[in-house]
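Okay, so here's the structure we're looking at.
The values are calculated or read from the model by the stated rules, or taken from the named source; none is laboratory data. In this text the structure is predicted, and so the values were computed from the model without any measurement. In this analysis, Cβ positions are derived from the backbone assuming ideal geometry, glycine residues included, and neighbour counts consider all displayed protein chains. Surface accessibility is based on the protein's heavy atoms, side chains included, excluding ligands, DNA and RNA. Shrake-Rupley method; radii C 1.70, N 1.55, O 1.52, S 1.80 Å.
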Amino acid sequence: MALSVSQQLQRFLRDNAATGALGYPIPFLSTPESGDVWMEHEKLLVSCLRTGDDKGAFLCLERLIGRFGATNERVMGLRGLYQEALAEDETALKQVLREYDDILAGDVTNTPIAKRRIALLCTLNRSSEAIEALNELLESSPTDIEAWAELADLYAARGLFSQAIFCLEEVLLVAPNAWNVHARLGELLYILGSTGNNVHQATVDAIGRFCRSVELCNDYLRGYYGLKMASDRLLSLLDSGSRQTQAPHNAEGRQLSVQCVRQLNEQATLKLAEATRDRTGDEQNRNELVAATRLLSKGDETRVR
């Protein structure tokens, strides 16, 4: 992998040696440039850092600085990422953090640096400060779905599921068709049902989110996995005969019948069975396929008993 990235970088830099060579485009004297070229520089920089090619990453960063200047906010963020990757210990990381603080003291609107600071706080296991910084960032940029999603993860890691759910609902206001976010919201609602008093309503709401997830992406394995787990739980609650569970309602207030829950459970089981049978060579989703196989096996054992 590292060799492949290195070879790709050398070829890319050679093919685009003239692009941005003058520092800024001049008609007739410079090669016409495209934003895609500079986005590729960024991608290769990150790929080099991931594979340990610090020299290659520096070459990309040098090109970006030469084209956009060292004070460009996006370039400053990439330079910070480069410094973090090269830091040898926690002391060096803390020095980078101090540099971020100095930059933000002069310009609190520098979003790339603010985000790098938050990421570094998470790396240093200073989640309380990261949460505070994310809330401050979202006050000035309330539609930043990346920040909302990160804040949701931090809240969930601390067991603050109601706050995490609120954050993901904010993500869906901006990206309502993000099927993975619907599934993640379903997972948090399912967990909330395990820890809270209103297990029935939380489970019904989780089912609604999982249904929306697979409606938007028909082969989304994680959505079907969650749908089966949530419907299994709700069926168990309904079978217990508790008065509270006789007429569960979804988020729109419509009653969810036992027959409907069974049909959803059967559909999820069918889709998981198809996936485990037809996608055995899918290495990218290997862990999810293993989990689905175990869930189906657990269901088979329950029926045998």
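Below, the figures for the structure above:
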read-out	value
Every pair of residues 6+ apart whose Cβ atoms lie under 7 Å, when the first sits in region 47-70 and is closer than 14 Å to ALA85 by Cβ while the second is among the β-branched types (Val, Ile, Thr) and in a helix (DSSP H, G or I)	SER47/VAL5; CYS48/VAL5; THR51/VAL5; ASP53/VAL5
Subset of region 1-52 that is under 25 Å from the mean Cα position of the chain (by Cα) and assigned to a loop (DSSP other than H, G, I, E, B) - its residue that is modelled with the lowest pLDDT	MET1
Count of region 197-223 residues which are without any contact (Cβ under 8 Å) to a residue 60 or more places away in the chain and in contact with a helix residue (DSSP H, G or I) (Cβ under 6 Å, 6 or more places away or on another chain)	16
Residue match in region 228-236 (condition: within 21 Å of LEU192 (Cβ to Cβ), of a type in the set (S, T, N, Q), modelled with pLDDT under 85 and open to solvent by 50 Å² or more (accessible area, probe 1.4 Å))	no
Hits in region 130-169 - residues which are open to solvent by 60 Å² or more (accessible area, probe 1.4 Å) and aromatic (Phe, Trp, Tyr)	PHE166
Enumeration of residues in region 199-213 that are of a type in the set (S, T, N, Q), farther than 10 Å from GLY226 by Cβ and open to solvent by less than 10 Å² (accessible area, probe 1.4 Å)	THR203
Yes/no for VAL75 being of a type in the set (Val, Ile, Thr) and either open to solvent by less than 80 Å² (accessible area, probe 1.4 Å) or within 21 Å of the chain's Cα centre (by Cα) (or both)	yes
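Per-residue answers, yes or no, for (1) in a helix (DSSP H, G or I); (2) over 21 Å from VAL199 (Cα atoms); (3) modelled with pLDDT under 95:
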{"residue": "LEU238", "(1), (2), (3)": "yes, no, yes"}
{"residue": "GLY253", "(1), (2), (3)": "no, no, yes"}
{"residue": "GLN259", "(1), (2), (3)": "yes, no, yes"}
{"residue": "ARG277", "(1), (2), (3)": "yes, yes, yes"}
